[in-house]
Amino acid sequence: MPQQIPQIADGVRKMGAQFDPNRLADLTGDPMGAVVSLGGCTASFVSPDGLIATNHHCAFGAIQYNSTPQRDLITNGFLAKTREEELPSGPGQHVYVTTKIEDVTARITGDAKLAKMTDAARQKAIERKQNELVMECEKPGGVRCRVASFFEGSQYLRITQLDLNDVRLVYAPANGVGDFGGDIDNFEWPRHAGDFSFLRAYVNGQPYHPAHWLKVSAEGMNDGDFVLVAGYPGRTFRYKTADEVKNYQDFIYPTSIRYFTELINILDAQGKGKRDIQIRNASRVKSLNNSLKNFQSTNEGFVKDHIWEARVAREKAMVAADPSAAAILEQIAQTNETVRKTQARDTIITWIAGTQGATGFMYRSSPMLSSAMSVVRLAEERPKKDLDRDAGYHDRDFSRIKENAERWQRVMEPGSDRAGLQYFLGELQKAGGESDPVVKFVASNGGIDKFLDWLYANTKIGEKDERLKMLGETEKQLTARNDSMLQFASVLLPAVEEMDARENAASGAMARIRPAYFESLRKVSGGNLYPDANGTLRITFGKLEGYKPKDATWLTSQTTLNGLLEKETGKEPFDSPKNLLAAARDPKKTAPYTDPELHAVPIDFLSTCDTTGGNSGSPTLNAKGELCGLLFDGNYESIDADFLFNPAMTRSIHVDSVYMLWVLEVDGGQNLIREMGLTPRM
């Protein structure tokens, strides 16, 4: 965490940092003031005019939003040579700049009444206090605030972020550059992907002028060089108990792998030979494929790296150092067992309703039904006092809900929607049986096929204007519509609310139990712990270093254009654009960017940095504090590092800033190179 940096500053200097590491604790200074969140990805300012560097796959939603079969930006890429040519990223794209972090633990857990409450009531009380703190923080306007839990309820921090909501697409390379290697190379090394794009933040129609921006390095990196990554990692599970890891290994990961695979196959089949449908499904398919490979690697890692056995050993050490830990671990196991009784059905309901369920994963079989669920839940929550509403339905969230409703128009495809929902209704039928209320409702409408005929023939949820009207209507007005999707959403709502109630009770119990668990854990870890990733700003350090994936094999830390040409087939996913291939074979165009040690133009590099999902797009800084690359992936052998970090095998993959500049020149983006304060070389 940024506030922990002063404790380890000397160690960071010894690793190779040539700047004062204590600067990293100042969120409004240089360089941290330039690091931003995109809400799921990380990015950074790289010019005084709000130019933002991030990954191609992080900007993919904006690329897809602006793509049509006639103007296919996904395939061909995009470059704005003037500000007027920049394209809106679409509703719902925000840039968040963290400006303040405060410890508010005492204001949340200091109430003596919490100890006397039931677990469910305790969770509600904690959420209400979090909401109060957020409302207090956001009252001046112009900021987005969040109260995040660290060490699973042991500490609460309030995070204040500047919220910029006018974001535009400036540059994206062709898919054959940004996603070179596709799913085959995803999470693999060696990589040769130019996974980068540029956005721009605006305020009142003018480019935003950040207080700080990163200097982009035009110098290459070398093996052993120091690097730093600052970003917003999403989640890790390094403090889950042996009992919890066992459930991930036995149920959550195998089940998720099966569902990812089935839905990918369904969407691929729907889009076969139909580019318009492929474009509409592109973000979903890309996200699902990424998650599938991630889960497959971790699933293998459970066995390969003996993760459960490592947790058992850790807990034995905990109990040896603190005998009271045995009772704490048992309480955690009992609480989890209550949730697991319904987790098979809850998981399917989550995929059908598009609502966060017991597994904690958020995926949708049907964007249309998910949109209907948002409409119905909003109508139910709106009459309540703001503080009493469920998370995601407060006054502050209404604009986000509307943005999603608008943006989803570009990803709604009724045929794909129906096919995905059909599969998961079949899964619910097998899991829930004939007595399941949702299954009963489907059966009363003639079974799955006839029910789906009715569902898609009698709804206006797919019409943007009607969908936006629905968001402002009462429950009574929605009922009067007799809209099939809204009716089905109302049938699903009790199942979702039952899930939420179970989750609240479990979360309240964990808020009571987990702090004692972490106190015990500290006794066997020397007193120093970093919290699991939770989407908040973090920093990691490392160096360029290869690794040994198997016997007699050493993979070096850098790749070059030579390797790209070796992989090139002219067929997807190894199909670079013609102009890039021509430049790659032209010594006059490669010489200005050729690395003297590699004797070629560098593309990607490996580091020993500790990163995970959410770190995508994170600026990678060299020893001088300059942006030398962007983090975009991890190696296949280390994906299970979300559970267990292995220094010998865990590697992060970055696109080199030198390659970014070379590709920009090849694509005619000299205007952006100059904006970043550099001089084109060709």
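With respect to Glu262, determine if the residue is more than 23 Å from Leu38 (Cα to Cα), in the same structural domain as Asp656 (by TED's automatic domain parsing) and in contact (Cβ under 8 Å) with a residue 24 or more places away in the chain.
So Glu262 fails the test.
Quick check, is Ala431 out of contact with any Pro (no Cβ under 7 Å at 6 or more places or on another chain), over 20 Å from Ala372 (Cβ atoms), surrounded by fewer than 18 Cβ atoms within 10 Å (Cβ to Cβ) and touching a residue at least 40 places away in the same chain (Cβ under 8 Å)?
Considered against the rule, which asks whether it is out of contact with any Pro (no Cβ under 7 Å at 6 or more places or on another chain), over 20 Å from Ala372 (Cβ atoms), surrounded by fewer than 18 Cβ atoms within 10 Å (Cβ to Cβ) and touching a residue at least 40 places away in the same chain (Cβ under 8 Å), Ala431 comes out as yes.
Regarding the stretch 564-584, can at least one residue be identified that is out of contact with any strand residue (DSSP E or B) (no Cβ under 9 Å at 6 or more places or on another chain), within 30 Å of Pro323 (Cα to Cα) and not hydrophobic (A, V, I, L, M, F, W, C)?
No, the stretch 564-584 has no match at all.
Scan the stretch 432-446 for residues that are at pLDDT below 90 and closer than 17 Å to Met485 by Cβ and report the count.
So the count comes out to 0.
Would you confirm, using the coordinates I've provided, whether Tyr202 is modelled with pLDDT of 95 or more, within 20 Å of the chain's Cα centre (by Cα) and more than 20 Å from Leu581 (Cβ to Cβ)?
no
Every residue, every condition in (1) within 27 Å of Lys385 (Cα to Cα); (2) without any contact (Cβ under 8 Å) to a residue 60 or more places away in the chain, yes or no:
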{"position": "Thr54", "(1), (2)": "no, no"}
{"position": "Ile63", "(1), (2)": "no, no"}
{"position": "Leu79", "(1), (2)": "no, no"}
{"position": "Glu86", "(1), (2)": "no, no"}
{"position": "Gly92", "(1), (2)": "yes, no"}
{"position": "Lys100", "(1), (2)": "no, no"}
{"position": "Gln123", "(1), (2)": "yes, no"}
{"position": "Leu133", "(1), (2)": "yes, yes"}
{"position": "Glu138", "(1), (2)": "yes, no"}
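How about the stretch 553-634: which strands (runs of 3 or more DSSP E) wholly inside it have at least 3 residues that are of a type in the set (A, V, I, L, M)?
Qualifying strands (runs of 3 or more DSSP E): 627-634.
Condition check ((1) within 19 Å of Gly617 (Cα to Cα); (2) in contact with a Gly (Cβ under 7 Å, 6 or more places away or on another chain); (3) crowded, with 18+ Cβ neighbours inside 10 Å) across all residues:
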| site | (1), (2), (3) |
| --- | --- |
| Pro88 | no, no, no |
| Asp103 | no, no, no |
| Ile108 | no, no, yes |
| Ala120 | no, yes, no |
| Ile126 | no, no, yes |
| Asn131 | no, no, yes |
| Glu152 | no, no, yes |
| Tyr171 | yes, yes, yes |
| Asp185 | yes, no, yes |
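Which of (1) under 19 Å from Leu631 (Cα atoms); (2) without any contact (Cβ under 8 Å) to a residue 60 or more places away in the chain; (3) of a type in the set (A, V, I, L, M) is the odd one out, the single condition Ala43 does not satisfy?
Evaluating Ala43 over (1) under 19 Å from Leu631 (Cα atoms); (2) without any contact (Cβ under 8 Å) to a residue 60 or more places away in the chain; (3) of a type in the set (A, V, I, L, M) leaves (2) as the failure.
What do you reckon, is Thr474 more than 29 Å from the chain's Cα centre (by Cα), loosely packed, with under 15 Cβ neighbours inside 10 Å and in contact (Cβ under 8 Å) with a residue 60 or more places away in the chain?
yes
Which of the residues that make up the stretch 308-341 are surrounded by fewer than 16 Cβ atoms within 10 Å (Cβ to Cβ), touching a residue at least 12 places away in the same chain (Cβ under 8 Å) and not in a helix (DSSP H, G or I)?
The answer is Ser324, and nothing else.
If you scan the stretch 176-215, which residues turn out to be free of Cβ contacts under 8 Å to residues at least 60 places away in the same chain and outside any strand (DSSP E or B)?
Asn204, Gly205
Can you name every residue in the stretch 365-393 that is crowded, with 18+ Cβ neighbours inside 10 Å and not in a helix (DSSP H, G or I)?
If the condition is that a residue be crowded, with 18+ Cβ neighbours inside 10 Å and not in a helix (DSSP H, G or I), then Ser365, Ser366, Arg389, Tyr393 are the ones that fit.
The values are calculated or read from the model by the stated rules, or taken from the named source; none is laboratory data. Everything numeric in this text was worked out from a predicted model, so none of it was measured. FYI the Cβ positions are ideal-geometry reconstructions off the backbone, even for glycines, and counts take in every protein chain you see.
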